[in-house]
Each structure stands twice: as structure tokens, then as C-alpha cells.
Amino acid sequence: MRSDRIAAIVGVAESDIGKTPGKNVLQLQAQAAKLALDDAGLTKNDIDAVFTAGNWAWAPNLMLAEYLGIQPKYTDSTNIGGSSFEAHVGHAVAGIKAGLFEVALITYGSTNRTNPSNSTFKSPLTAQYELPYGLPTPVGAYALAAMRHMHQYGTTSEQLAEIAVATRKWAVLNEKAYMKETIEIEDVLNSRKIAEPLHLLDCCLVSDGGGAVIVASKNVATKLRKNPVWILGHGEAHSHNTITNMPDLTVTSARESGKRAFEMAGISHDEIDVAEIYDSFTITVLLTLEALGFCKPGEGGAFVSGQRTAPGGEFPMNTNGGGLSYCHPGMYGIFLLIEAARQLRGECSARQIDNAKIALVHGTGGVLSSTSTVILGRD
């Protein structure tokens, strides 16, 4: 592992999640931001950069900063879907390295469950060539990828269900998870079809919620009360906008973003202790594992079988319950970062991975369109 340290995650928190009819998008982000600052031992006066993403305002970063009473020297509202926040981490590291700021606040908030009209997923303009033919967005796009993978490699619905069952087992250990009722493979297969071959339990939740992550320079991070979670490597990529234009339905740009993150971190796959991988749908996880290089193309189904990613399995993954069972307020990537930081700080109680030192976090956005990979480590 390379020894250089530029920046670290120093504070993380989520807001109320699930159903939050008493809070709007700004309030959820403010709640999460305050808790993350408390977690870091900082105040809003320490923040000199603001990062956020979402479709809830014309300029969400301007509205958020005004609401929080912050006038930052740097701002970034990059929006590439659910992978935006992993990208923000990489951008924050670059900004800190360039000397542009010292402490960055990254937030997200959504009321997708109580106010669906504010959904963060909007069909792109070019979907005019897809929607008239009955393709539901976004689930239809993921169903196309799943069907292609099944046709090309013989992947089965039972193998996809392994992911949903394993993730629910982690959720049972997380008191904050929205869904905690144990499920089995047959429950997934017997749940109603949403878009063939994906069943209801192959699909993420629709929830409210917000999250916040504080990234600070090495100079600041080493002076705070909690051990820093170092940002060792990051990479981002995107390959298309609409599913019609995806170069290969079985290969995501995680192949590129992951390669860059691993190279920057200077580590190998077998050094990863815990993985937090975007799980909008079960097929998302399977494709990502292959593209990141944890298994070969077509071997994802076998890789996740036998509850390999569940508690007690050899490949701990999505340890908070994931978007499938913990929460999913439209753009889930920030919650992956929150869980990874907590795992590396040893704060996850019943779901804690013993002696976790290195975590991989991977976000996916759009319809398998964008990817961003972050590798984190502790001293």
C-alpha cells in the first residue's frame, strides 16, 4: 500500500430515514450535516467547500449552502446519479491537494417516498426512443442487462436472489434498516415480477433520507478526536446515458473506475476487507463485481452463491443492509461511504467486520451509466 495521505473522511452521519413526512429535503440534509460535523468534532464554520447533488432545486448547492448559513470558497454540484458522492470524494481530494480548501461537506437528501413528485430519477430526453415502446425507467434498463447476462452466461434468478437474501441478513443486524424481516431464496423468486426477470425483492427500496460525509485535509484530519479514514484511491467513469447506447449490457464502466482506484491505492483485490457496492437492483451488484475484477465475466452468479456475501461469509458486502433493505432515497451512493467509514472505525456493533482495515466503495448512477470507485483505509 502506498504511504501518501492527502485527505480523509473524518465525519459521517445519516438523517432520519424510511418515511419522514415531517422533514423536507433541506431539513434532512441539515440534520445529517450537523450529525456528521458532531461526529468529526467540527462546526459549520470549519467548512470551506460544499458538495451536493440532486434534482430537487435549480442549483441545489446554492440553496443548501444558504440554508446551512455557509458561504464556501469552493462548490461542486456534479450529478452523475447514484455514483455522484463517490465522485465528490475524488473531487474533494483533488481540491485539497491543489490547496483550494481544507474541509469539504458532501450531502444528499430526498423525500422520494413521501413526495414521489420530487423523485431524483428523471428520464433523459433521449429516452423518447425507449419509453414509447414500454420500457419502464429505470427498472426496465436493468432488466435488459439481467436478461442479457442470463442469456450469455447462464446466470439464474436463484443466483440473483442470493444477493437479496444476503443483504437482508445484514439489515437484520442494523437497527436503522427499513426492512428487517428475514427472507429466503424462494421468497425472492415468489415475489411479483417487476420487469422480467427482476422480481420485487430484486429491486431497491423507495425511501426518504439524507446523508453527509466530511472530508478533510491531512493537516486537519490528524488533529481530530476520531481516527481518520484515509482516501487511498478513487476513479470515475461513464459510458452512456440511455440503456440503448450502453456498449455492452454485461459490462459497466466500473472496469475503468475500479482499475484507476486500485492503481492509485496501490493495493490488490485480496486486500479488501469489506465492500460496499451500489445495489439498486441485484443485477447491479453482480455486474459490478465482475467489472471490478473480483471475478471473471460471467462468473458473478457463482461468486455470490452459497451466501458468500452474507454475515459470516468470506466476502462481506453491503453490511448495513444496502439499498435493497436499509434505505434507498433515489441516489444511494452517500450511504455506502457512511457505512464503509463506520466499518473501518469499528463502530458497527453486531455487523462489525473483525479488524477491517481496507474498504472498497463503489457507486453506480443512471441506468448502469456512471460509476465511481473509492478505496478507503485506516492506520
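Throughout, read-outs are computed from the coordinates displayed, never taken from laboratory work. Predicted model, so just to flag it, every value in this text is computed and none were measured. Ideal geometry is used to build each Cβ from the backbone, glycine not excepted, and the neighbour counts take in all protein chains shown.
If R₀ is 30 angstrom, what is the calculated FRET efficiency for the pair Trp58 and Thr114, using the beta carbon separation as r and rounding to 0.05? It comes out at approximately 0.85. Expressed as a whole percent, the proportion of Cα-Cα pairs in region 149-253 lying more than 16 Å apart is 74%. Could you work out which residue, out of Gly312, Gly11, Gly346, moves most in a Gaussian network model of the chain, that is, has the largest mean-square fluctuation with Cα springs under 10 Å? Its mean-square fluctuation being the largest, the pick is Gly312.
Measure nothing but the geometry: give the 0 to 90° angle between the long axis through the Cα atoms of 84-97 and the longest principal axis through the Cα atoms of the chain, rounded to 10°. That works out to roughly 30 degrees.
Relative to the longest principal Cα axis of the chain, at what angle does helix 282-292 sit, 0 to 90 degrees, rounded to 10? Taking the Cα atoms of the chain, the angle to 282-292 is about 70 degrees. In bins 10 Å wide, starting from 0, what share of all Cα pairs of region 141-206 does each bin hold, as a percent? With 10 Å bins starting at 0, P(r) equals 21, 50, 24, 4.
Per the Debye formula on identical point scatterers at the alpha carbon atoms of the chain, with no solvent, log10 I(q)/I(0) at q = 0.13 Å⁻¹ is -0.98. Evaluating kT/(6 pi eta Rh) at 37 °C and 0.692 mPa s, with the Kirkwood radius of region 10-109 over Cα pairs in the Stokes-Einstein relation, gives 240 µm² s⁻¹. Bridgeable aspartates and glutamates around Lys34 (alpha carbons under 14 Å apart, same-chain partners fewer than 8 residues away excluded): Glu14, Asp16, Asp46. Past 27 Å, Cα to Cα, is the threshold; run Lys44/Lys259; Lys23/Lys180; Lys176/Lys223; Lys176/Lys226; Lys223/Lys259 against it and keep the listed order. Checking Cα-Cα distances, Lys44/Lys259; Lys176/Lys223; Lys223/Lys259 exceed 27 Å.
Net length available on complete extension from Ala94 to Tyr133 is 9.8 nm, with 0.36 nm assigned per residue and the Cα-Cα distance removed.
Per the Debye formula on identical point scatterers at the alpha carbon atoms of region 287-360, with no solvent, log10 I(q)/I(0) at q = 0.15, 0.20 Å⁻¹ is -0.57, -0.99. Relative to the compact-globule estimate of 2.2 N^0.38 Å, the Cα radius of gyration of region 296-337 comes out at 1.33. Springs join every pair of Cα atoms under 10 Å in this Gaussian network model of the chain, and among His269, His199, His240 the largest mean-square fluctuation is at His269. Summing Cβ point charges (Lys, Arg +1; Asp, Glu -1) relative to the Cα centre of region 207-306 gives a dipole of roughly 540 debye. Using the Cβ-Cβ distance between Glu347 and Lys218 with R0 = 30 Å, the FRET efficiency computed as 1/(1 + (r/R0)^6) comes to roughly 0.85. Segment His151..Arg192, full-extension length gain: 12.6 nm, with 0.36 nm per residue of separation and the alpha-carbon distance subtracted.
If R0 equals 22 Å, the separation of the Cβ atoms of Asn227 and His269 corresponds to a calculated FRET efficiency of about 0.35.
Pair-distance distribution of region 216-366: all C-alpha pairs, bin width 5 Å, starting at 0; shares per bin in whole percent are 2, 9, 18, 22, 22, 16, 7, 4, 2, 0. Here the dipole of the chain is about 680 debye; that uses its Cα centre as origin and unit charges on the Cβ of Lys and Arg (positive) and Asp and Glu (negative). Taking amide H as placed 1.01 Å from N in the peptide plane, Ile194 has its amide H under 5 Å from the amide H of His199, Leu200, each at least 5 places away in sequence or on another chain.
For the chain, the antiparallel share of DSSP beta bridges with both residues in that region comes to about 75%.
A P(r) calculated from all alpha carbon pairs of region 222-301, with 10 Å bins opening at zero, reads 16, 45, 27, 10, 3 percent. Note on the chain: with a GNM built from Cα contacts shorter than 10 Å, the maximum mean-square fluctuation among Lys73, Lys169, Lys19 falls on Lys73. For the pair Val206 and Asp354, the difference between a 0.36 nm per residue extended length and the Cα-Cα distance amounts to 50.2 nm. If you line up the long axis of helix 25-40 against the longest principal axis of the chain, both from Cα atoms, how many degrees apart are they, to the nearest 10? Relative to the chain, helix 25-40 is tipped by roughly 60 degrees.
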